[in-house]
Amino acid sequence: MEQQTVRRAARWGLTPGTTAPISLGLAALAAVWFSDATRAGAVAGALLLAATVVLARVDARLARAGAATRRQVWRSALLRRTEEAIVYAGLAAEAAAAPAGPL
């Protein structure tokens, strides 16, 4: 499945320079959903977070295939750490908004 996804991404002209910002946007959306403090928000956030993982794999495979410059690889790595921080912020907001007491 990963090979097919990478092939499609290459056919569409995606590079690590384009997949990383898309992934960052999805991570931001995941953080918004996580901060909703509902079951539906948690599920939507998890699905969006899973999509960022897929994009990270595609990004890495494209970079290994020689479709990236050093600057793009560095930028992708920086954006990945930013994604993590954004998702953690969304989870922290959810924890603050959740009602106290047992589930």
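The values are calculated or read from the model by the stated rules, or taken from the named source; none is laboratory data. Everything numeric in this text was worked out from a predicted model, so none of it was measured. SASA here: full protein model, heavy atoms, side chains in, ligands and nucleic acids out. Shrake-Rupley method; radii C 1.70, N 1.55, O 1.52, S 1.80 Å.
Quick one: P(r) of the chain from all Cα-Cα pairs, 5 Å bins, percents rounded to integers, in order of increasing distance.
Taking every Cα pair in the chain, the percentages come to 2, 14, 22, 19, 15, 11, 8, 5, 3, 1, 0.
Against the longest principal axis of the chain, how steep is helix 39-64, in degrees 0 to 90 to the nearest 10, with axes from Cα atoms?
20 degrees
Go ahead and estimate [θ] at 222 nm for the chain from helices alone: -39,500 (n - 2.57) per DSSP H run with n ≥ 4, summed, over the residue count, rounded to 500. Don't skip to the end; give the middle numbers.
Numbers: 4 runs with 83 residues, N = 103.
Theoretical 222 nm ellipticity from helices: -28000 deg cm²/dmol.
Keeping the other protein chains in place, figure out the carbon and sulfur percent of the accessible area of the chain, with a 1.4 Å probe.
Of the solvent-accessible surface of the chain, carbon and sulfur hold 66 percent.
From the phi of every residue in the range 70-86, what ³J(HN,Hα) in whole Hz does the Karplus formula 6.51 cos²θ - 1.76 cosθ + 1.60 yield, where θ is phi - 60° and glycine or proline is x?
These are the phi-based 3J(HN,Hα) values: 4, 5, 5, 5, 4, 5, 4, 5, 5, 5, 4, 5, 5, 4, 4, 4, 5 Hz.
Across the range 18-30, in residue order, what do the Karplus-derived ³J(HN,Hα) couplings come to in whole Hz, using 6.51 cos²θ - 1.76 cosθ + 1.60 with θ = phi - 60° and x for Gly and Pro?
My calculation for the range 18-30 gives 9, 6, 5, x, 4, 5, 4, x, 5, 5, 5, 5, 4 Hz in order.
If you build a Gaussian network model of the chain, linking Cα atoms that sit under 10 Å apart, which residue out of Arg61, Arg80, Arg39 swings the most?
Maximum among the listed residues: Arg39.
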